[in-house]
Structure formats: structure tokens, C-alpha cells
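Participant: The following block contains the structure, expressed as C-alpha cells.
The values are calculated or read from the model by the stated rules, or taken from the named source; none is laboratory data. Everything numeric in this text was worked out from a predicted model, so none of it was measured. Note: ideal-geometry Cβ built from the backbone for every residue, glycine included; neighbour counts use all protein chains shown.
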Amino acid sequence: MRTTTIDRIRPSKCDRIGASRVPEVLPTCQVRFTTLPVPKWRLEEAGVDVIRIITGDAKVGRDGRRRHNVVGFIVDADWEAKLANRVEEWRQALARMVAAAGEHDPYADAMGERDDPYSRALHALWRAQLGSDAAKRFGGYRPTLEDEANPRDAVRLWMVRGSYAADAYGRKDEALREAVRLLADTDLTWGWATDPARVGRRYSDVLYVDLPTGQVSFHASSRLPDCPDYPGEWDGVPGVSTRRIEAAIHGLLGLDPTTKH
């Protein structure tokens, strides 16, 4: 395979090329680095071609894997512009995700007008669930930007995404604290228990609340003080808290349960 064209150095195999086959003067569209200016995965995510320059034969390491002696890299000369454009795409995608799948509360006005402990506790549970759902959306995906039809799945900027997840979990914890304070003044059955699958790990404490529409539960980083133990057990139905809390709100406000808000 030819390693050069009129305007570009190309790898002889996969993403690598032998040092002896690299000309002293590179084409204007490529530059050479001894060490990469940013992590390789970030360049590749931005669409920058990265070619490893190797010398000698591959050596077998202690783990049995073959490794080449990398002495440099050839990358696109416009790598900075490509990286900046990609980061902007990430940020725009994140903004679309926040707008499309954020924590908009359609019941804020109606529930905010009610002052009884049950209504306020129910609304606090709803806000805690919104925070939990948002945190999972922000923190649980490793997508690319290919699916522009679904902005939520168009996020790759790890640190920014992680900060949004942390903020959402913080809002969840704050809402849970408010809910626990209000639940004590209701007739609902509620309390704390330990998730047997997470004993000794973080988020092993679970808050259970028996709503008229069914049991809902929330994992928390720690059990809040001065709270009762839950007298029952998990009902074994996963992923239903959002639906059950919303159904309880619909019943409280006299809304059509088939109406989406």
C-alpha cells in the first residue's frame, strides 16, 4: 500500500505508519507531534485523523498484549478548528437535551396552590422523581451526535454532562428532604429500608411511600434522620414511580388520567 498521495500521508496499516516511511516535510494539511496536544479519543470524536508513528516490531507486554513503540503522531493541520466545532456541537446538543428532557414541572402552578401536607408531600415526591429521571438521562448515556432527531441521545461532552447529572441528583435529594418532613403529617404509610442488593454500597438506603396509586421508592445516598422504618417490602415492580406519582396528582387535581402533561 502506498503511504503517500499528492496531498496526504496515509497509514500503512490501521492507524499507524513506520517512522522510516514518514517524509521529512509533511503535506500542508497535516502536522506532526511527539505527544498529542489533547487525548486521542477527543481528536477522533472531532473527526480528526490520528496516525501513530511507530518504530521496530511490536513487543509483548506482561498482560500478553502486543504494543508498538510509538514515537510520534500525524494529525490533521486543522485539528484545533475541528475540535472547537465539535465541542460547540456537543454544547448545542446538550442545550437541546436540557430543553427537551429536562425537569419541566407541568403541575407547579396547580400543586403550588394547595397547602395541605398530602398535596405538598406529593408534589415534593414528584419533583424528586423529576430530578432522578433527569439525572439518569444526563448521566446514563454514551451516545454520538448521529441521531439529531433525539437531542437527548446527542450528548458526548462528558464533564458537562456529568455536572448536569450531579445537579439533578442534588435537586432530587433536596426534594426528598422536603417530602420526608411533610410525610410525617400525612396518613400515608412510608419509611426507610435497605436495598439487599446494595448492602455496603452507596445508595443502599431506600425511601418507600405507599400512595393511593401504589408504592413508590427512591434510592438515597443516606437515610434521613428521625424517620421510621418501612413496615413492608418492595412490591417488585421496577420503573413505575413516575407513572404512579403522576397518577396520584391527576387524581388529586381531578385531571383525566389519559392526558399527557
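Participant: So, of the residues in the range 14-50 that are part of a strand (DSSP E or B) and more than 35 Å from the chain's Cα centre (by Cα), which turns out to be surrounded by the most Cβ atoms within 10 Å (Cβ to Cβ)?
Facilitator: So the residue we want is I17.
Participant: Can you name every residue in the range 200-223 that is within 19 Å of L182 (Cα to Cα) and assigned to a loop (DSSP other than H, G, I, E, B)?
Facilitator: P212, T213, S222, R223
Participant: Could you tell me whether A95 is assigned to a strand (DSSP E or B), modelled with pLDDT under 75 and not assigned by TED's automatic domain parsing to the domain that holds L130?
Facilitator: No, not satisfied.
Participant: Does the range 182-204 include one or more residues that are among the aromatic types (F, W, Y) and at pLDDT 95 or above? So that I can check it myself, show each step before the final result.
Facilitator: Of all residues in the range 182-204, those among the aromatic types (F, W, Y) come to 190, 192, 203.
With the extra rule that they be at pLDDT 95 or above, the set shrinks to 190, 192.
Among the residues of the range 182-204, at least one is among the aromatic types (F, W, Y) and at pLDDT 95 or above, which makes the answer yes.
Participant: If you don't mind, another one. Which ones in the range 224-261 are assigned to a loop (DSSP other than H, G, I, E, B) and surrounded by 14 or more Cβ atoms within 10 Å (Cβ to Cβ)?
Facilitator: Scanning the range 224-261 gives L224, C227, Y230, W234, V240, L255.
Participant: Counting only residues that are assigned to a strand (DSSP E or B) and within 23 Å of Q30 (Cβ to Cβ), how many does the range 57-85 have?
Facilitator: 9
Participant: Would you pick out the residues in the range 211-223 that are surrounded by fewer than 17 Cβ atoms within 10 Å (Cβ to Cβ) and either at pLDDT 90 or above or closer than 14 Å to T242 by Cβ (or both)?
Facilitator: P212, G214, H219
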